[in-house]
Each structure stands twice: as structure tokens, then as C-alpha cells.
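The values are calculated or read from the model by the stated rules, or taken from the named source; none is laboratory data. Here the structure is a predicted model, which is why all the values come from computation and not from measurement. All Cβ positions, even for glycine, are placed from backbone atoms using ideal geometry, and neighbour counts span all protein chains on display.
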Amino acid sequence: MRPIKQNVISTAVIATVGLPFVVLMIWSFSNRWFYPELWPRQWGFRAWDYVFGTAGFQIMAALVQSVLVAVVTALISVAIGIPAGRALGLYEFKGKDLISVILTLPVIVPPLCVAMGLHLWFIKLGVASTFLGVVLVHLTFCLPYSVFVLWGVFSNYNPDYEGQARSLGVSSWKVIVRVMLPLTFPGIVVAALFSFLLSWSQYLSTLIIGGGRVTTLPILLFALMGSGDRPVAAAVSIVFVAPAFVALAFSARYLGGKSIAGIR
Amino acid sequence: MGDLILKNLTIHYGGEPVVNDFNLEVRNGEMVSLLGPSGAGKTTVLKAVAGLIKPSKGEIFIDGQPVNNLAAEKRSAVMVFQKTLLFPFLNVEQNIAFGLRMQGHKDADARRRIEQILQLTELTGLGRRKVHQLSGGQQQRVSLARALVLKPAVLLLDEPLSNLDANLRQQMRELIQDIQAETRITTLFVTHDQAEALMISHRVCLLLNGRLRQTGKPRELFYLPADPEVARFFGGCNFIQGRVKDGVFRSEFANVPAPQANGNGHLRTATIRPEDILLSPDANYGLHGKIAKTNFEGSATRIWVNCRENRFVVLTSDNDYTPGQKVRIHLPPDKIRIFPCETESV
């Protein structure tokens, strides 16, 4: 029974997730491929040549920019998410329901509205078209997720661990580093990864707030798509997906078997 | 090594007083049980001693020093929680070394102490194991070792045996007893299990509804309960009422000499343990009774006997009785305990 079930699942996963990548790969290795034909008329490395050669510097710069923005966003969203998640997960206080509604707002409201609305404010504050501005607007989308993930983590967290550590001679500040962070680490990694990937794939908000000054990979990708050169766009897409894919695979392997809450 | 003194301890939790005006002295090297039903405030007292809860009133002295304003990590009292709470990201040895490392002990010294404690808690050879590879009993011993290795003045144990099955619990009880006898560590042991408290401790302290009801040697609490509630907690369920006249407690069931009882004609309550009541199918005794119910409990049978207005519970090893049977019962006067205080009703 089980092997069949597993086969069905893995086939479904490969068909839905893998197939588009195959098409993408074929595109990136084709020089000429016209509509009704099943295979490219001419194979070649023109697109990859463009990605690593002609536009190599531009793409590398965008890649670095994207990584920087995503890493900084992920770090900040976890740094805010941990205390917030702890408060929401462990303590009872008034307005807890209201907070969860407010937290979902940036997820519900279309990103265009959020970015447009914030743009005016960011111009006034002088952070429009800056790295900081882009990180801040990404945070509005990442924070809800990171807070929700860590809220769940801390709902399963037993604060008696900290009492036990205090009794064993750890000061209240050291307890955070010695006990709380190690216990919740898998959950923190998940929250950070969520934020990283969300920030990584932001296009609209980066475009509006960054104003073309902060060129992340999606910005470059859309520009290339617009130019109509499908093979090049496909190659850049693969470059775009690769780091996120590596991050995901790494964390899946690392977190494998451990519960997300990291406790019990 | 040291003693522990709690003076007029009152602790509020969410506005409600959980512990009220609590006094206790645990002498150096003594093992005292804090006994009470769940929700009586036992763990709260323990947490206050450990420094994890701030009492609203009263003082705590460890080793003669007032510790009310001392942070938990600076107190020489280590608490072992009910759940083992071993750190899953550390192995057995690292878990035990946790407190030592935090106190900055040197490697060689720490290693020697860990080896010693592993031996004492019968964990030798398990040092490199991961926490989740241990059985429940082993985990509990690691948790105990982790506290013992710090050689605190006072060890606070919060129902360390409640998560273990019956056989293991008995073994662990003996282990804790042995370790305590060997290390002579002052121990405050919290439990809701009266048998455990009676067996393991030098003195027992009964806490009901946040108030101290009686402190004394296990035998004293068992045989000389201070009031009906204490008696009831230890399984006493037979109460009779009578009046004291001329140094004798007179009731319809028995007359008991009570030379120390003062006051003439006052209503008093007395109790007798179910295993002390004598039961006979023949006309040996003076009181007539009728069996209402029997319950076989293994080593003994519990029998409910209706006698006049009272219903007595009798524990006997004899299990030939059937409901409805007419019997005679006898309440030996020397087994009857008359409560010192005056009671209007039970």
C-alpha cells in the first residue's frame, strides 16, 4: 500500500513542481524555438553566455543586492519576531485577537496599495529609493509571517526550562542565549527562511520603493522578460531560483526529523 | 549543606493568595516532605524558595542568610522540576555539566564531580547518550544529577516521581532516599502522594488550601492527626462524636479515657482508622452492624458497615463478608484519637 501511495505523491510533486523547471531549462539552452514546434530548432549557450558574459557584472550585482536585502530583512524580522512571538505565545493579555487581525492586514491588503501608501511616507522620511527603504517595505510583508511562525513556536514552548536554568545558576539574560534560543532554534530558522524567501521574491514593492535605484534580481528579471528574449529570461530565472532552492534544501535536510517547535 | 527557614510566607498568584502565612523549618541534613493535594500551593512554595516567584510577605532564610532579594541564580537552592526539562540540544554529560559551566568550574574539577555524580545516580556509562535515548527513569536521574552536582545547600524536589510507573517509582524513591542519606543534603520534597511522603521523609508537612495544617514525623501525622481534615487526607474516614465527662470521652460506640481533655460536656470529634476497627460475624462484640457494601482491594477488603446512625469503613484481610450480612463490631478505645480542638460538626 505504502510504496504506491508514495509513488503517487512523488509523481505528483515532480509533475507539478519539476516540470516547469524542465521547460525553463530547455528554454535556457535554446537559441531559437518557435511556437508550434515541440523542441527548439537550434540548441546553444547563447543565453548562458549572456548571463555570465555580457550581462555578467549586472546580474552579479543584482544577485548580491538581492542577497543583502533578503538577509538583512530576514534578520530584522526574526529579531522582532522572537520577542513578539514569545509575548503572544506565552502570555495572556488584552487585545491579543486584535493584534492577530492587524498582523494579517499586510497579507490581505494588496501589496500595491501597501507599497504605494508607504512610498509617500518614505519620501517624507527620506528613505525612498534607498536600501533601508526597500528592507523596511519588505519587512511589512515578512513580519506577519515571522511573528505567526514564532507565535506557534512559543505556544509549544515550556518556560519552565528557563526557571530550571535559572535555578541551576544562569542569569536571566544568559538564559536567552543558553536556553531559549537553542530550544527554539529550528522554529527560528523556519521563520528566517520564510522571511528570506518572501523578500527574495518581492518585485512590486522593490520597484515602487526602490525606484529603480535598488536593483534586485526580480527587477532585472522583469526588465529582461520585457525585452522579449525568452532564453535569456529563462536563464536568469534559473539563477534567481537557485539560491532559494539551495536554502530550502539545506533547511529541509537540517531540520529533518526535528519538530518545528523544537521542544518535547 | 545548610538549613532552610520560611517565616510567615504569603504568596499571591494572580491576585489570589495561594500560600498563606506559611512557616517551616528544615534542619541541616533533613529531608522534609511538603504534602498536599494538587493545587494546595506546594510548588508555589518551592518556586519561592528557588527564587522563581517573589513572595508578597514573609522571609526565606537559606543557611542562615535572608535570600528574599537574591536572584534565583545566586541562591544556593536548586529546584528539580516535575517534568525532567533536560536540554535536548545537550547530551547527558553536558546536561549535568550545565550548572557547573555556568558557575565557571574548571574542566578537570568539573569532570571529576560529574563522574562522581554519574556513579551516585547509577548513570555510569550513559554520559554520551542523547537525552531522547534515555528511559523515563534515567531522564529523571539525570535531572536529579544535574542539581546534585552543584552541591547546593538546599535541594528542592517537585514531585520528581509522579511521571514514573509504579515499579520505577519505588526504585527511584529508594535511590533518592539513599542519595539523601549519603550526601546529607537538606531536601524539601513536594508530593501529593501520602504514602510517598510517609516513606521517604524524616518529617512531613501537610499543606491544605495554602495553609500549613500539621508538621511532624510521619507516624505523628498518620496516627495523631491534628484535625479531621488531616485525618481524612491520610485515609481516615470514620468519625464519631461524643462528649467529654470526668476525663472520659463518651460516645454511643465507645468510651475512651481522655485524662488530658479539659472541659466538661463539650462536644468532641474522634476518629479511628479503618484497619483498627474489629469485625466479627459472631457475637464477640457489643455493637450490632449490617454490611452495606464490600470492595476487594487485593491485600485487604474494604467493608462499609452501617451501625446505628453511623457508617463505618473497615479494612480487613478477611474477605468472607457479603452485603446484607449482620455482624458485630468493636472500636478498641486505645486506637481512637480524640481531636484536641472543639468541633461542632464534621
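A few remarks follow.
- Residue list for the stretch A:237-255, filter: among the hydroxyl-bearing types (S, T, Y) and surrounded by 17 or more Cβ atoms within 10 Å (Cβ to Cβ): A:S237
- Note on the stretch B:149-164: residues that are in contact with a Gly (Cβ under 8 Å, 6 or more places away or on another chain) and modelled with pLDDT of 90 or more total 4.
- The lone criterion from (1) in contact (Cβ under 8 Å) with a residue 60 or more places away in the chain; (2) of a type in the set (G, A, S); (3) in contact with a Leu (Cβ under 9 Å, 6 or more places away or on another chain); (4) surrounded by fewer than 16 Cβ atoms within 10 Å (Cβ to Cβ) left unmet by B:G125 is number (1).
- For the stretch B:182-216, taking the residues that are part of a helix (DSSP H, G or I) and not charged (D, E, K, R), the one that is surrounded by the most Cβ atoms within 10 Å (Cβ to Cβ) is identified as B:A197.
- Unmet criterion (only one of (1) touching a residue at least 12 places away in the same chain (Cβ under 8 Å); (2) out of contact with any Cys (no Cβ under 9 Å at 6 or more places or on another chain)) for B:V248: (1)
- With respect to being modelled with pLDDT of 85 or more and either surrounded by 15 or more Cβ atoms within 10 Å (Cβ to Cβ) or within 16 Å of B:G242 (Cα to Cα) (or both), B:K290 falls outside the description.
- Pair list, Cβ under 7 Å, 6 or more apart: the stretch B:148-167 residue within 12 Å of chain A (Cβ to nearest Cβ) and more than 14 Å from B:F81 (Cα to Cα), other residue of a type outside the set (V, I, T) and part of a loop (DSSP other than H, G, I, E, B): B:L150/A:L168; B:L150/A:G169; B:P152/B:S76; B:V154/B:G2; B:V154/B:S76
- Hits in the stretch A:164-191 (condition: within 20 Å of B:V149 (Cα to Cα) and out of contact with any helix residue (DSSP H, G or I) (no Cβ under 7 Å at 6 or more places or on another chain)): A:Q164
- Test: residue in the stretch A:213-236 that is more than 30 Å from A:G89 (Cβ to Cβ), buried (at least 17 other Cβ atoms within 10 Å of the Cβ) and modelled with pLDDT under 80: yes
- Condition check for B:G236: surrounded by 18 or more Cβ atoms within 10 Å (Cβ to Cβ) and in a loop (DSSP other than H, G, I, E, B): yes
- Looking across the stretch B:253-287 at every residue that is surrounded by 14 or more Cβ atoms within 10 Å (Cβ to Cβ) and assigned to a loop (DSSP other than H, G, I, E, B), the one that is modelled with the lowest pLDDT is identified as B:A261.
- For the stretch A:8-67, the candidate set comprises residues that are among the basic types (K, R) and out of contact with any helix residue (DSSP H, G or I) (no Cβ under 8 Å at 6 or more places or on another chain); within that set, the residue that is surrounded by the fewest Cβ atoms within 10 Å (Cβ to Cβ) is A:R41.
- Boolean, A:S77 is in contact with a helix residue (DSSP H, G or I) (Cβ under 7 Å, 6 or more places away or on another chain), touching a residue at least 40 places away in the same chain (Cβ under 8 Å), closer than 16 Å to A:T206 by Cα and polar (S, T, N, Q): no
- Restricting attention to the stretch A:131-183, the residues that are within 14 Å of chain B (Cβ to nearest Cβ) and in a helix (DSSP H, G or I) total 20.
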